[in-house]
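Just so you know, all these numbers are worked out from the coordinates, no wet-lab data involved. On a predicted model such as this, the values are computed, not experimentally measured, just so you know. Methodologically, a virtual Cβ is constructed for each residue, glycine included, from the backbone with ideal geometry; neighbour enumeration extends over all protein chains shown.
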């Protein structure tokens with residue numbers, strides 16, 4: 001059954017597929033933009049003079065998502 005497994009597209013070194021510099025930078029930039037977007041969304045929701053309960057829910061969801069992400073990254 002293992003004979004039918006597809007071949008990896010890139011070069012393998014010690015069982016890990018190598019990536020180009022461009023692929024690594026784009027991956028890091030994409031993740032950074034996502035985190036910054038979540039932070040900006042939470043800050044924007046709280047920037048109004050009168051904080052609406054919906055805006056508070058958006059901000060709390062943003063913080064919860066970031067806490068879950070950071071906790072998942074540190075648990076590795």
At 0.36 nm per residue, and after removing the present C-alpha to C-alpha distance, how many nm does the segment from residue 18 to residue 52 gain when stretched out fully? 7.4 nm
For the pair residue 32 and residue 63, how long in nm is the line joining their label points, each one 7 Å along Cα→Cβ? 2.6 nm
